[in-house]
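> One structure coming up, written as structure tokens, with questions to follow.
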Amino acid sequence: MLIYEYLPHELARLGVVAKAAGLDHRRIAAQVCLARERAGRARTAPPEPHRLSEVFIAELRRLQWERIAGLMEKERMAAYAPARDSRAIRYEERRLQRLMTDVAEAERSGVAAVEIWRHRVYRIDAAPAAGSSSPDMPAPAVHLMAASPDEAAARAWAIHGGDGGLYQRGGYRIASVTQILPEPGELF
């Protein structure tokens, strides 16, 4: 079975486009401000060990909100209409093309079907373990794609829980797993 997964940038773009649909200039401007604030906070947070990070996600969203605001002004839209957004249409066409390529590859290789995994991006926060020698150190955060919170925690521990790993080195345990993309309630 061949597996098609949404990529983090697809989730971020789809989420912003879906959330922006029908919003007027004032509401879009408010979302731009929120996205800029989130990106600013993310830039000042401790660095994360993977490319998929709070900074990456926040910047993707900020760029999308700013792009939509600019498009609305340029096109003089009273409310954002994804059908009038050529870039959003291009994003969706690329995603569908990638899915069709995966389906064609599955058929060529004799695989019965392509399974669409609607992976989510989870933020895994750590906390100092009981008796840790560094309770004042900021606990690391990691962002990973997984199908469920349990799988995200298991993957984080498998990657960072071994000898000399991020969690073992600082005496940390996984404290929470939170879905970041798509935002809860968003369906793709």
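> Could you tell me whether region 146-156 includes any residue that is modelled with pLDDT of 80 or more and in a strand (DSSP E or B)?
Within region 146-156, one or more residues are modelled with pLDDT of 80 or more and in a strand (DSSP E or B).
> Here is a further query. Out of all the residues in region 122-138, is one or more of a type in the set (Ser, Thr, Tyr), at pLDDT below 75 and open to solvent by 40 Å² or more (accessible area, probe 1.4 Å)?
Yes, region 122-138 has at least one match.
> Being without any contact (Cβ under 8 Å) to a residue 60 or more places away in the chain and not hydrophobic (A, V, I, L, M, F, W, C) is the filter; apply it to region 80-91 and report the residue that is most open to solvent (accessible area, probe 1.4 Å).
ARG84
> Is it the case that region 32-44 has a residue that's open to solvent by 50 Å² or more (accessible area, probe 1.4 Å) and part of a loop (DSSP other than H, G, I, E, B)?
Within region 32-44, not a single residue is open to solvent by 50 Å² or more (accessible area, probe 1.4 Å) and part of a loop (DSSP other than H, G, I, E, B).
> For PRO47, all conditions in the list (1) open to solvent by 40 Å² or more (accessible area, probe 1.4 Å); (2) part of a helix (DSSP H, G or I) hold save one; what is the number of the exception?
(2)
> Can you tell me which residue in region 18-27 is nearest to MET145 (Cα to Cα), limited to those that are of a type in the set (A, V, I, L, M) and open to solvent by 20 Å² or more (accessible area, probe 1.4 Å)?
It comes out as ALA18.
Let's see how each residue does on (1) touching a residue at least 40 places away in the same chain (Cβ under 8 Å); (2) loosely packed, with under 13 Cβ neighbours inside 10 Å; (3) touching a helix residue (DSSP H, G or I) at 6+ places or on another chain (Cβ under 8 Å):
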{"residue": "ARG61", "(1), (2), (3)": "yes, no, yes"}
{"residue": "GLN64", "(1), (2), (3)": "yes, no, yes"}
{"residue": "GLU73", "(1), (2), (3)": "yes, yes, yes"}
{"residue": "GLN97", "(1), (2), (3)": "no, yes, no"}
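The values are calculated or read from the model by the stated rules, or taken from the named source; none is laboratory data. Small disclaimer: the values here were computed from a predicted structure and weren't measured. Quick reminder, even Gly has a Cβ in these numbers, built from the backbone with ideal geometry, and neighbours come from all protein chains shown. Remember, those area values only see protein heavy atoms, side chains included, never the ligands or the DNA or RNA. Shrake-Rupley method; radii C 1.70, N 1.55, O 1.52, S 1.80 Å.
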